[in-house]
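The values are calculated or read from the model by the stated rules, or taken from the named source; none is laboratory data. Note that the structure is predicted; figures quoted are calculated from it, not measured. Backbone-built Cβ (ideal geometry, glycine too); neighbour counts: all protein chains shown. Ligands, DNA and RNA are excluded from the accessible area calculation, which covers all protein heavy atoms including side chains. Shrake-Rupley method; radii C 1.70, N 1.55, O 1.52, S 1.80 Å.
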Amino acid sequence: MSTFEPVLTSNITKENSHTLDFYQSIGGYSAIKKVLSMSPLEVIDVVKASNLRGRGGAGFPTGLKWSFVPKDSEKPIYLINNADESEPGTFKDRLLMNKAPHQMLEGMIIASYAIGCHTSFIYIRGEFYREYMLLEKVVAEAYENNLLGDNILGSDYSLDVVIHRGAGAYICGEETGLIESLEGKRGWPRIKPPFPAIEGYLQCPTVVNNVETLSCLPHIITRGADWFQSIGPEKGPGPRLFCVSGRVKNPGVFEEPMGIDLKDLIFEKAGGITNDNKLKAVFPGGSSSAILTAAEAIDVKMDFEELAKKKTMLGSAGVIVMDETVDMVHACLNIARFYAHESCGQCTPCREGTTWLVKMLTRMVKGRGTLKDINMLFEITDNIGGLIDFSKGSYGKTICPFGEAVAWPIRSFVEKFKDEFIKYLPQEKVAA
Amino acid sequence: MSNKDIHEDSFQYTDSDKVEKIFSQYPDKRSATLPLLHLAQTQGGYITSAIINTVAKLTEIHPAEVMDCVSFYTMFYSRQQGTYKLQVCQTLSCSLNGADDIVDHITQKYGTQPGETTSDGKFTLLKVECLGSCGTAPVIQINDDYHEGLSIKELDILLDSIP
Amino acid sequence: MPLLKIDSLEIEVEKGTTVLQAAMVNGIEIPYYCYHPALEIVGSCRMCLVEVEGMPKLQVSCNTFVGEAPPERKIEGKYDMVVNTHNDLVIQERKNVLEFLLLNHPLDCPVCDQAGECYLQDYSFKFGNAHSRFDEDKRVRPNEYLGSQIVINHNRCILCSRCIRFTREISGTSELFVEARGNKSKIAALEDKPLDNLLAGNVADICPVGALLSTDYIHKNRIWNLKKQPSVCQDCSVGCNVDVFYQKDKILRLTPRENHDVNGYFMCDIGRYGFHRFEDLDRITTPMARSNGSFSAVSWDEAIRKTADKLGDEGAKIAGIVSPFHTNETNFMLGQIINGPTGTLPQMNDEEIIYQSGFRISNDRSPNRRGMSDVCPALLEDLVSEIDNQDVRMIYVLDDGIDREIDDVWKKILAKMDFVVVQTYAMTTLAQSANIILPGPAPYEREGTITNDGGRVQWLRPSLPMKGESRADWEILMMVMKALDKDAQDFTDIGQVMKDMGEKFPAYDGLSFFRLGPHGMSLNGRANG
Ligand SMILES: Cc1cc2nc3c(=O)[nH]c(=O)nc-3n(C[C@H](O)[C@H](O)[C@H](O)COP(=O)(O)O)c2cc1C
Ligand code: SF4
Ligand code: SF4
Ligand code: SF4
Ligand code: FES
Ligand code: FES
């Protein structure tokens, strides 16, 4: 694995890596020239063959998602680049936008061409104001150079790109919440069916892809599906941006092949634990994934299948490291509070359950918990988004996967660090 | 009618070209809601009912529908904020790297609880959720700019340098 | 047609039917809150979860559509879908959702107006846990006005968003919105744009719990103390179907009754609150005769005799004024008595309002213009000239019951009359010009049929007893008829009047209350002789 050369981030340390000149000097925008000579179906086939799976969280095969868009749609088709990046522990898209924005834009053009889209949006979280300003320039530059707009590079393909700012809501990263938000509404996720590929933005066929997913596309086109497929595990190959944060010496974004050992990420790439403390627990894939104990974390590979076997997920590949100094009950409350704050409030279990968790955990932290509460934490999380059988997925208790995104991590805290929760109980209650 | 009333009862975009450009970018009017609100807030500091009405008129929806949208998002304010909004991330990675101390420090330094504005109207302290920059925790966003990985000492120097 | 199996029941359903609809039609109860047949599906309350075989997750039945499965995917070789609504998993899940819904609920059913028709109360009883496991402080919020007639009790609201969807999809007025998000969410209206449209009252009906309350009804009575009479609104020519809730001689509220050929699920506030105007009305409850400019009460015998004495004059011409406020039977009967020209009071036009969903309030605020014209076909536009031409000196008026200015034309007509009979329930200006007043029932006391402007004959059923000595309108007219002609037909009930009316006007042939039933009968395609 030591031979791996970064793909998406190979040039980010170079000066002016965000400019069009720079991007073109390293061969940028050659992929769209190639794509414009292919048929959209051929492009979809290449992406299917590459086995690229979405980098936004759900890991859905990108080519397959594109193929759901009706071929004979009379309505306009939209591509939305999901740059909402708000999953705690995730900060890779911001890097890509700051340092390699044209790579992302080229990816958008490729995806748009493949699905027959002529207006594409970048939905960027509102807080990323500087990135938004930069992207405005980048897009303008692209228009000036006929990389966007009418008849791109002399072809008969035209595409407009519009940058749309969010306004502070984690749930607008969820694709249907995002679509509602783009439509000028509150970000309430939609019930499915219909799926966005059939009825999305303004009831038109819509594909939502993550910044990193799109950024992979120019490379897949240029170097071929086989090359991409050869990196990392077969069922979910490619380079991946792993974000490591929390209690590590050298936090940051590390581009590595899929399937890298979590241990290597933490101890080599991120320089090990702060103050050389002992590792306690890790979120492998953003705050919505179930945490792994140190023992579990030490021998797991960062790929879709391996993590699923450990009843957690790769998610957004946001690794949050907790060491021996971390109070797990406080950490659990921190996460619960995040979800209660971000619940859109539509579904009964999510709206009521998240706040119940916060109230209960707050009470426990204040030393007023009971043993029964610990049991209730399991029940509440199960009732918000528990599992029947992991291999079968969730109970489907809520409209969007946010319910599970709350339930998994909270449940894993209580399950794996129950003793720490018990320590918070008043002594007489433990004895009783 | 005093001048103040005029200000509160009506709102007009100073940059009408920008408004036109926003509308030109979307296939329908309502999609322009968020950008129009951002633009209005930049101009007016917070979302007044006059802004709600103006946006509703422009996007051809009911003011209540604009309010439905506005009240959902944390970045739209319904009250005047301080000149500088000190937005401290409190989510896990930041919390594990001193975010709580930052909040405490600012609270002491200016005598403001989270959500409050200093009496001179200069600073508003806000606790916010993950800002998408966890690798450089703790993160504090002051108005549009991120300030990353600051120690308390560095933060003090930064805050004290604000005129 | 797809073959669906719900629990042990096998049913064929139309493609695209939802599991919830199929269950409801077939008497299988799946609890639900956010679903409403007139509104878009949002699937947010999560109460209607069921298990669908072959699907890994529980599904919300309100958004699960039954389709045709390809042969190799049929279950047990024949079913297109197999659904369980009653297994342990589903039962447990309902308990869980209900527990969440009740966390912040004040559990104040004993003082709640919805009690008795509350889905929260019903479902917790049927499907819920016996006691709460919530040891935290409840979220408590004060009640607020959303509009002049609607109050919200936030603590009871389960955020099903039905009310919001109603204002966006049905009235199209969009006054309601959700404020904030997550557990802070609450239903709100802007202070300067309250919920004050003429359909507003419906939100209290569609709220599945007692969160939205009509100020008109708050704490007036408990629902189980009231009687309910299905009837028809009489405040415009649309003829919305309603349920009238009453106790003894008092109406407490009206709610819309579902009729897809007329009003769908809703009604307007003109009709909803219209009954109040009869409450403090100066009612006439005994026959009266005028002598020397003032009225005095007389017996029915005397009143009828006096009337017949005059009307029965040899060769006398009697003009008739029929009324679009009266039933078909009453108008028909008057038509049989008079021998001179027939007319009606000038129509008072109001604003027509058509809402986004197509719901209409007619500009004609009388309920039976169509029926009146059907059974009194010879109505004259220019009654005055005919009265002059024929030198008519007597007139029999079915009074609208609405007090209005009498215009010059009418003053002229009345001035010509030797004898004026007014059949009414209120001392209107017109009644004041009468020689004889015969007291009939007010609108919610009436029985008969009315025909709406779409040509649907509907059954008007009384909910209040008649006042004092007043008698049914058809009966009064029959007494007059009998007094004029001993051999006249002797109707013993209104059914016989209907029969006779059907014989003379074939469009109304075969009419009976039984045949009209709760939803009425369309005249379309029936020729009126
Ligand atoms: C609660 C929630 C938050 C999400 N946030 C993001 C996000 O910030 N960025 C993102 O790309 N995807 C996010 N997703 C995933 C999107 O719904 C969607 O699957 C993704 O953008 C699809 O792109 P991909 O196929 O390229 O991964 C989120 C999903 C959920 C349920
Ligand atoms: S699961 Fe939560 S965030 Fe998702 S739609 Fe339901 S309430 Fe909203
Ligand atoms: S007020 Fe009633 S109808 Fe409206 S959201 Fe609440 S429970 Fe539903
Ligand atoms: S629309 Fe007409 S019939 Fe219907 S409730 Fe209103 S007034 Fe009555
Ligand atoms: S946790 Fe603070 S930026 Fe992500
Ligand atoms: S009725 Fe189906 S989710 Fe509410």
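Couple of notes before you dig in:
- Selection over the range B:6-56 of residues that are over 26 Å from B:GLY121 (Cα atoms) and within 14 Å of chain A (Cβ to nearest Cβ) gives a count of 18.
- Some residue of the range A:125-134 being farther than 26 Å from B:THR33 by Cα, surrounded by fewer than 24 Cβ atoms within 10 Å (Cβ to Cβ) and not assigned by TED's automatic domain parsing to the domain that holds A:SER245: no
- Residue match in the range C:296-304 (condition: closer than 19 Å to C:ALA426 by Cβ and surrounded by 18 or more Cβ atoms within 10 Å (Cβ to Cβ)): yes
- Scanning the range B:71-78 finds no residues that are touching a residue at least 24 places away in the same chain (Cβ under 8 Å) and part of a helix (DSSP H, G or I).
- Hits in the range A:319-333 - residues which are within 11 Å of chain B (Cβ to nearest Cβ) and farther than 12 Å from A:ALA290 by Cα: A:VAL321, A:MET322, A:ASP323, A:THR325, A:VAL326, A:ASP327, A:HIS330, A:ALA331, A:LEU333
- Filtered residues of the range C:382-409 (kept if more than 31 Å from the chain's Cα centre (by Cα) and either free of Cβ contacts under 8 Å to residues at least 24 places away in the same chain or open to solvent by 20 Å² or more (accessible area, probe 1.4 Å) (or both)): C:ASP382, C:VAL384, C:SER385, C:GLU386, C:ASP388, C:ASN389, C:GLN390, C:ASP391, C:ARG393, C:ASP407, C:ASP408, C:VAL409
- The range C:44-53 - residue that is crowded, with 23+ Cβ neighbours inside 10 Å and either on the phi > 0 side of the Ramachandran plot or more than 10 Å from chain A (Cβ to nearest Cβ) (or both) and, of those, farthest from ligand 6 (Cβ to nearest atom): C:VAL50
- Residue within the range C:118-131 that is under 20 Å from C:THR215 (Cα atoms) and not acidic (Asp, Glu) present: yes
- Lone qualifier among C:SER357, C:SER373 - being surrounded by 12 or more Cβ atoms within 10 Å (Cβ to Cβ), at pLDDT 90 or above and in a helix (DSSP H, G or I): C:SER373
Every residue, every condition in (1) open to solvent by less than 10 Å² (accessible area, probe 1.4 Å); (2) within 23 Å of the chain's Cα centre (by Cα); (3) outside the structural domain of A:VAL207 (by TED's automatic domain parsing), yes or no:
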position	(1), (2), (3)
A:GLU85	no, yes, no
A:LYS99	no, yes, no
A:TYR123	yes, yes, no
A:LEU153	no, no, no
A:LEU159	yes, no, no
A:HIS164	yes, yes, no
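- Scan of the range A:222-246 for residues that are open to solvent by less than 10 Å² (accessible area, probe 1.4 Å) and charged (D, E, K, R), ordered by number: A:ARG240
- Hits in the range A:343-357 - residues which are in a helix (DSSP H, G or I) and either touching a strand residue (DSSP E or B) at 6+ places or on another chain (Cβ under 8 Å) or more than 9 Å from chain C (Cβ to nearest Cβ) (or both): A:LEU357
- Enumeration of residues in the range C:1-34 that are open to solvent by 40 Å² or more (accessible area, probe 1.4 Å) and outside any loop (DSSP other than H, G, I, E, B): C:LYS5, C:LEU9, C:GLU10, C:GLU12, C:GLN21, C:MET24, C:VAL25
- Of the helices (runs of 4 or more DSSP H) entirely within the range A:100-188, those holding at least 2 residues that are within 22 Å of B:GLN141 (Cβ to Cβ) occupy A:129-144, A:175-182.
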